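Please read the structure below before turning to the comments.
The values are calculated or read from the model by the stated rules, or taken from the named source; none is laboratory data. Since the model is a prediction, treat every value here as computed from it, not as a measurement. We place every Cβ from the backbone using ideal geometry, glycine too, and count neighbours over all the protein chains shown. Note: accessible area is taken over every heavy atom of the protein model, side chains too, but ligands, DNA and RNA are not part of it. Shrake-Rupley method; radii C 1.70, N 1.55, O 1.52, S 1.80 Å.
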Amino acid sequence: MEFPEVLIERLKKAKKVAILTGAGISAESGVPTFRGKEGLWSKFRPEELATVEAFMSNPKLVWEWYLHRREIMSKVAPNAGHYALVEMEKFYPDFTLITQNVDGLHRRAGSQKVLEVHGNITKNKCFECGEPFEGEINLESGGMPLCECGGRVRPDVVWFGEMLPERALSDAFDASSRAELFFSIGTSALVHPAAAMPLTARRHQAYLVEINLEPTPLTEYADFAVQGKAGEILPQLVEILKK
Ligand code: OAD
């Protein structure tokens, strides 16, 4: 793959780098993306299941969707794309990996500074009081899992219409604003506020790179947009860094 000289220079000289990842980076690990055409749940849109309203009206359906995804995610492993980002982190004094993914694969691969702005699917919390819930979730045995306070237990992820974790969100925008080089990887760049991060970086003079299988609404704003698999392109960038 041919990369532009400007990108190679930034890659080698930058001190401040920020990355935004989405479901596409985990696709090569076997985690289905949200807006793909395949899969058991493709007849539901994420906007219909990942909401407070959906949980209130049909908690069983929402839990089934999360348990199904949890099951998939418990069986997968990080791929070459995740590992390339672990390598990249070592080259920069200021490196922030912002992920919309709840699968925890960046941390499992070994990335150190990870902001999980949409939460983590392995954790639960109370829908009412917000306290973490450590117990088992078993829909077969006793219906809805309940917190000690009597509230229903839910996955500890961010749903549409909810605020993102405040600290992670402000750290993510800070990192985007100071980045000299910003990568948007495997995200459809449709869901805000995460989708605003690459544009924030661009506005603050970062060189913006997009890596995705297909064009997105972000593509026209990227300094360099490459269409291909994250697990194939990211290791090539690491090779350049190592030279
Ligand atoms: P999407 O499913 O919307 O987009 C995944 C993107 O990854 C698509 O643009 C694909 O073309 C691309 N892609 C697939 N395989 C790839 C590969 N091997 N290499 C590179 N790109 C690849 O997922 P997100 O953008 O992550 O939020 O979705 C954003 C948010 O919407 C999610 O965090 C979730 C969802 O609803 C909440 O649940 C709040």
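Some notes on this structure:
- Cα-centre dipole for region 177-243 with unit charges at Cβ (Lys and Arg positive, Asp and Glu negative), debye to 20: 240
- What you get for region 129-243, charging only the Cβ of Lys and Arg (+1) and of Asp and Glu (-1), is a dipole of about 460 debye around the Cα centre.
- Highest mean packing comes first when the peptides 43-53, 172-182 are listed by Cβ atoms within 10 Å, giving 172-182, 43-53.
- From the alpha carbon centroid of region 1-57 to that of region 152-198 is 11 Å.
- Carbon-plus-sulfur accessible fraction, the chain (probe radius 1.4 Å, protein heavy atoms only): 51%.
- Peptides 163-170, 63-70, 18-25 ordered by packing proxy, namely the average of other Cβ atoms within 10 Å per residue, highest first: 18-25, 63-70, 163-170.
- Computed with every protein chain present, the accessible area of I72 is close to 40 Å² [probe 1.4 Å].
- Simple rule: put +1 on each Lys or Arg Cβ and -1 on each Asp or Glu Cβ in the chain, find the dipole, and look at Q100, T51, M88; the Cα lying farthest toward the positive end is M88.
- A crude spin-label estimate for the pair I240 and A77, with each label 7 Å from Cα along the Cβ direction, gives 2.9 nm.
- Pairs of lysine residues in region 1-99 - Cα separation under 23 Å, sequence separation of 8 or more or cross-chain: 7
- For region 29-135, the per residue solvent-accessible surface stands at 50 Å², with DNA, RNA and ligands left out and a 1.4 Å probe.
- Charge dipole of region 64-177 (Cα centre as origin; +1 on each Lys and Arg Cβ, -1 on each Asp and Glu Cβ, all else neutral): 280 debye, rounded to the nearest 20.
- Its Kirkwood hydrodynamic radius, worked out from the mean inverse distance over all distinct Cα pairs, puts region 116-243 at 17.2 Å.
- Cα-only radius of gyration and Dmax that characterise the chain, units Å: 18.5, 60
- Once C-alpha pairs closer than 8 Å and six or more residues apart are averaged by separation and normalised to the residue number of the chain, the relative contact order reads 25 percent.
- Within region 96-110, backbone nitrogen closer than 19 Å to the virtual label 7 Å beyond the Cα of F224 toward Cβ: 96
- Using R0 = 22 Å, the C-beta based FRET efficiency linking E64 and E131 works out to 0.40.
- Linear extension gain, F160 paired with E214, 0.36 nm per residue minus alpha-carbon span: 17.0 nm
- Computing Rg and the Kirkwood Rh from the Cα coordinates of region 124-187 gives a ratio, Rg/Rh, of 1.17.
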